Amino acid sequence: MSRWEPNARGRLEQAALELFAERGFEQTTVEDIATRAGLTKRTFFRYFSDKREVLFGGGDEFKQRFVDALAGAPASAAPIEAIAISLETVASAFRDRHQFARQRQAVIAANAELQERELVKLASVAAALAATLRERGVDEPDASVIAETAVAVFRIAFERWVADTDAGNLPELIRESLQALRAVAAGR
């Protein structure tokens with residue numbers, strides 16, 4: 001194997017997802033992933049601390065995208081509108097990641113430990129959104145209710161998106177979910 005290989009991270013991600021699908025998460029080793037990608041274990045550990053990080057690496061960046069989009073929403077925007085801007089902004093970043101997202105979600109759905117980790121990640125996003133809403137002047141408990149609801153809206157739209165092989169666009173599914181929430185809240 002050569003010392004430098006192009007797109008090593010992407011190759012490792014793809015190899016891991018393939019192996020997780022074929023063998024299951026628990027039965028797949030870092031060595032298996034590196035071998036499938038045509039790389040070494042040492043190269044794997046340059047990109048990921050363990051095999052879970054193939055699925056959850058970038059969690060802080062994911063959370064920061066929500067926060068940055070919410071913080072950047074116009075100050076005049078109502079809290080729900082500012083949250084909508086945040087959700088749609090983050091959703092648009094998934095535009096070219098549908099297949100990866102589908103594969104990742106299937107692996108997580110098949111493993112209780114990974115499902116728990118996903119919920120922890122989403123709880124972290126909700127806490128960060130609530131803090132950002134408070135910085136925008138939204139009082140409690142409103143900030144926490146809006147943030148938790150926003151994460152639920154995102155999760156439901158995301159699950160619809162990954163479940164559909166002919167998926168529409170995720171921002172549109174976010175808008176549909178927000179419209180459904182507004183209708184329910186208005187008593188329609």
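The values are calculated or read from the model by the stated rules, or taken from the named source; none is laboratory data. Since this is a predicted model, take the numbers as computed values, not measurements. Methodologically, a virtual Cβ is constructed for each residue, glycine included, from the backbone with ideal geometry; neighbour enumeration extends over all protein chains shown.
Within region 138-188, can you find the residues that are in contact with a Leu (Cβ under 7 Å, 6 or more places away or on another chain), within 19 Å of Arg95 (Cβ to Cβ) and free of Cβ contacts under 8 Å to residues at least 40 places away in the same chain?
Arg155, Arg160
Is one or more of the residues making up region 31-44 more than 17 Å from Gln105 (Cα to Cα), among the charged types (D, E, K, R) and in contact (Cβ under 8 Å) with a residue 12 or more places away in the chain?
Among the residues of region 31-44, at least one is more than 17 Å from Gln105 (Cα to Cα), among the charged types (D, E, K, R) and in contact (Cβ under 8 Å) with a residue 12 or more places away in the chain, which makes the answer yes.
Restricting attention to region 93-105, which residues are out of contact with any helix residue (DSSP H, G or I) (no Cβ under 8 Å at 6 or more places or on another chain) and not in a helix (DSSP H, G or I)?
If the condition is that a residue be out of contact with any helix residue (DSSP H, G or I) (no Cβ under 8 Å at 6 or more places or on another chain) and not in a helix (DSSP H, G or I), then Asp96, Arg97 are the ones that fit.
Given the conditions (1) over 19 Å from Arg11 (Cα atoms); (2) in contact with a helix residue (DSSP H, G or I) (Cβ under 8 Å, 6 or more places away or on another chain); (3) without any contact (Cβ under 8 Å) to a residue 24 or more places away in the chain, and given that Ser76 satisfies all but one, which numbered condition is not satisfied?
Condition not satisfied by Ser76: (2).
Only one of (1) over 23 Å from Gln115 (Cβ atoms); (2) among the aliphatic types (A, V, I, L, M); (3) within 18 Å of the chain's Cα centre (by Cα) is not met by Ala8, so which one is it?
Just one mismatch for Ala8, condition (3).
Could you list, in sequence order, all residues of region 144-186 that are of a type in the set (Val, Ile, Thr) and within 16 Å of Leu122 (Cβ to Cβ)?
Selection gives Val145, Ile146, Thr149, Val151, Val153, Ile156, Val162, Ile174.
Residues Ala147, Ala126, Ala157, Ala112: which one is out of contact with any Lys or Arg (no Cβ under 6 Å at 6 or more places or on another chain), loosely packed, with under 15 Cβ neighbours inside 10 Å and among the aliphatic types (A, V, I, L, M)?
Answer to the check: Ala112.
How many residues are surrounded by fewer than 15 Cβ atoms within 10 Å (Cβ to Cβ) and either among the charged types (D, E, K, R) or at pLDDT 95 or above (or both) if we restrict to region 28-44?
Of the residues in that region, 4 qualify.
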